[in-house]
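The values are calculated or read from the model by the stated rules, or taken from the named source; none is laboratory data. Nothing here was measured: the structure is a model prediction, and the numbers come from that model. Here the Cβ positions follow ideal geometry from the backbone for every residue, glycine too, while neighbour counts run over all protein chains shown. Accessible surface is based on the protein model in full, side chains and every heavy atom, while ligands, DNA and RNA are left aside. Shrake-Rupley method; radii C 1.70, N 1.55, O 1.52, S 1.80 Å.
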Amino acid sequence: MAEPNSVIAFYDERTLSHQPDSDAPFLPGRIDRRVRELLSALKVPWVYPEHAGRLTAIHHLLELEPVPGVAFETGKAATREQLGRVHTSSYLDHVYDLRGQNAWLDVDTTAVSPGSVDAAEVAAGTTIAAVEAVIQGRSQSAFAVVRPPGHHAEPVRARGFCLFNNVAVAAAHARAELGCERVLIVDWDAHHANGTQDIFWADPNVMLFDIHRASPFYPGTGNLEDVGVGLGEGTTVNVPMPAGAGDQAYLKAFEEILVPAANWFQPDLILVSAGFDPHPFDLALNVSYEGFAVMTRMLQTLAHQHCDGRLVFVLEGGYHLLSLSRGVRTVLAVLAGGEAPTPGLIGVAEAQAAAAFHRQAFTSEDPDSPP
């Protein structure tokens, strides 16, 4: 058995080879084409938001501020069989045909460069490697620091910067090869996991709990009433949030929805689609580093209660490099046994000290008289 709080962070430089060219021609009729034309008129360059710097920023911070107890490993490429558990053969053929090319895949956001298909295979395979490390007992928890992200990728198409649905591929692998009967996926990215939802929409053995900014925020899916169909009815749990929602709302949803749902579902493994765009620096929501820390601790507790501590995080979104890298480090520190500070208390002691300092200045009954 792994030592308590043992953590492996999986980081593979092959995922850096996904470098879409923002100057590649857009497909006819793309709304992004019009957006880019407007930006060009304003002399503002258009840059593909999901870039290799996201991972290098995380890696550099962890080199500067290592987390004691966190070991690093490289990943591996997913096989076609592993990808084919959640994506159709025709879709895989289409993506493989784009190996070595610059091209746009979808009608909104997803492009590839010559190294993108290889990088996407490694992203999915590295997520599998993280799950295998936990199931095999080499570590109690793991974090797959991968890109391109995955949770928008549907069975038949790419969307939202995503080529292969990394967390879905790993969940399917855990069930097919590693003896897991029930897998809980928790997605706290600011954007709804439309792809993950589609893949497991009718599957009673995979529960998706997704808290996200509500429609019409991209991708416009994940309504409260969307709960799955057939045998899978009830194993899709959507919690749409208004713009500006933060720690209090997220922790209330975890306490009052996720915890009873997990207790009912009894998972063998918990996977987390961890996007860090709910942080205010990404201008979508207002979850703090402390909020991420407490959510991580709650997920640790659920994993210990239900599945021998087996907990795997998979990187999704987050585009402000500071909040992204600091958010990942926050999660790793909690997984490795660090404290989870109480949200909302940051600055309270300083405010109290300042109040004591200034208090005498405002006690005179006559504001014109000297203090």
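Applying the condition of being within 23 Å of the chain's Cα centre (by Cα) and modelled with pLDDT of 95 or more to segment 96-116 and asking which residue is surrounded by the fewest Cβ atoms within 10 Å (Cβ to Cβ) yields Gly115.
Listed by first and then second residue, the pairs with beta-carbon distance under 9 Å, at least 6 apart or on different chains, first residue in segment 60-78 and more than 14 Å from Ser139 (Cβ to Cβ), second open to solvent by 50 Å² or more (accessible area, probe 1.4 Å) and assigned to a strand (DSSP E or B), are Leu62/Phe72.
Could you go through segment 188-205 and let me know if any residue there is part of a strand (DSSP E or B), closer than 16 Å to Gly234 by Cβ and of a type outside the set (D, E, K, R). Looking for residues that are part of a strand (DSSP E or B), closer than 16 Å to Gly234 by Cβ and of a type outside the set (D, E, K, R), one finds none in segment 188-205, hence no. Pairing each residue of segment 343-371 that is at pLDDT 65 or above with any residue that is open to solvent by 60 Å² or more (accessible area, probe 1.4 Å), provided the two are 6+ apart or on different chains, yields C-beta distances under 9 Å for Pro343/Gln248; Gly344/Gln248; Gln360/Pro371; Ala361/Pro371; Phe362/Pro371; Thr363/Pro371. Sub-6 Å Cβ pairs linking a first residue in segment 149-161 that is in contact (Cβ under 8 Å) with a residue 40 or more places away in the chain to a second residue that is open to solvent by 10 Å² or more (accessible area, probe 1.4 Å) and basic (Lys, Arg), at least 6 apart or interchain, are His152/Arg159, ordered by first then second residue. Has segment 120-138 got at least one residue that is part of a loop (DSSP other than H, G, I, E, B), open to solvent by less than 30 Å² (accessible area, probe 1.4 Å) and in contact with a helix residue (DSSP H, G or I) (Cβ under 7 Å, 6 or more places away or on another chain)? No, every residue in segment 120-138 fails to be part of a loop (DSSP other than H, G, I, E, B), open to solvent by less than 30 Å² (accessible area, probe 1.4 Å) and in contact with a helix residue (DSSP H, G or I) (Cβ under 7 Å, 6 or more places away or on another chain).
Just one residue in the set Ala153, Ala168, Ala193 is under 14 Å from the mean Cα position of the chain (by Cα) and over 22 Å from Thr79 (Cα atoms); that residue is Ala193.
Checking each residue in segment 170-187 for being hydrophobic (A, V, I, L, M, F, W, C) and either open to solvent by 60 Å² or more (accessible area, probe 1.4 Å) or out of contact with any Pro (no Cβ under 7 Å at 6 or more places or on another chain) (or both) picks out Ala170, Ala171, Ala172, Ala174, Ala176, Leu178, Cys180, Ile185, Val186.
The set of residues in segment 39-75 that are at pLDDT 95 or above, in a loop (DSSP other than H, G, I, E, B) and of a type in the set (A, V, I, L, M, F, W, C) contains only Val67.
Look at segment 240-258: where a residue is more than 21 Å from Gln300 (Cβ to Cβ) and a partner is among the charged types (D, E, K, R) and part of a strand (DSSP E or B), sitting 6+ places away or on another chain with Cβ atoms under 7 Å, you get Met241/Arg213; Ala243/Arg213. If the condition is being within 30 Å of Thr110 (Cα to Cα) and not acidic (Asp, Glu), then segment 134-154 contributes Ala142, Phe143, Ala144, Val145, Val146, Arg147, Pro148, Pro149, Gly150, His151, His152, Ala153.
Here Gly115, Gly125 are screened, and the one residue that is farther than 26 Å from Arg329 by Cα and out of contact with any Pro (no Cβ under 7 Å at 6 or more places or on another chain) is Gly115.
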